[in-house]
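Input: a single structure, listed below in structure tokens.
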Amino acid sequence: TRNIFFYSSHLNTDGYSTKTKFGVAAVLMPGVKFMEKDGFVSETLSFMRSEQISFLSIMFAFYDDTTGLFRRELSFCSEESFPLEDFVTSVVVSTHYQEVNLQLKKMELPGRVAFEDDQKGLKAFLFLQENVQPSRKQIGPMLEKQLSSFASVML
């Protein structure tokens, strides 16, 4: 799965350490299917470590097999040392999020990501993005703004 990740953005300004660097990837399949692939956890951790990023946002875009409708999902992955749950919470209550209006609804992680033994070190969240209009062009800058605000308070 490593070759699917596309590193597109990072934050390392205003004196913040590389701990605030992040990546955004785009994958053309449902998040659950992608996360169920063998090696998802180990490859994601390996990619994040090699790029020295604190968290990775994966944007999933696909046509639903059942309804034929275009869908988007959004995931956030990080190593255990990054306060991912706090960051995701700060994103969904932020004015930056309100402006982009993603309409995120939390989804269950695939069992192998939530419970597999080699999951050690990876935290992940997966959301259905009910507003399919915002793309990486809006989401990347929104995350960058929110990470800057979050980093000044939390990191």
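The values are calculated or read from the model by the stated rules, or taken from the named source; none is laboratory data. The model shown is predicted, which means the values in this text are computed figures rather than measured ones. As a convention, Cβ positions derive from the backbone with ideal geometry for all residues, glycine included, and neighbour counts pool all protein chains shown. Protein only, heavy atoms only, side chains kept; ligands, DNA and RNA dropped before computing areas. Shrake-Rupley method; radii C 1.70, N 1.55, O 1.52, S 1.80 Å.
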- Message: Of all residues being touching a residue at least 40 places away in the same chain (Cβ under 8 Å) and surrounded by fewer than 22 Cβ atoms within 10 Å (Cβ to Cβ) in segment 47-56, which is nearest to Phe125 (Cα to Cα)? Just the residue, please.
- Response: Phe47
- Odd one out for Lys106 among (1) more than 20 Å from Ser135 (Cβ to Cβ); (2) surrounded by 12 or more Cβ atoms within 10 Å (Cβ to Cβ); (3) not small (Gly, Ala, Ser): (2)
- Task: Might you check whether a residue that is loosely packed, with under 14 Cβ neighbours inside 10 Å and at pLDDT 90 or above occurs anywhere in segment 74-81?
- Result: no
- Of (1) outside any loop (DSSP other than H, G, I, E, B); (2) closer than 18 Å to Gly31 by Cβ, Asn131 satisfies all except one. Which? (1)
- Limited to segment 60-73, what total is found for residues that are open to solvent by 10 Å² or more (accessible area, probe 1.4 Å), within 19 Å of Glu108 (Cβ to Cβ) and of a type outside the set (Val, Ile, Thr)? 6
- Task: Report, by residue number, each residue of segment 101-122 that is at pLDDT 90 or above and more than 16 Å from the chain's Cα centre (by Cα).
- Result: Asn101
- Message: Consider segment 123-155. How many of its residues are buried (at least 17 other Cβ atoms within 10 Å of the Cβ), polar (S, T, N, Q) and modelled with pLDDT of 90 or more?
- Response: 1
- Could you look through segment 24-46, keep only residues that are open to solvent by 70 Å² or more (accessible area, probe 1.4 Å) and in a loop (DSSP other than H, G, I, E, B), and pick out the one that is modelled with the highest pLDDT? Leu28
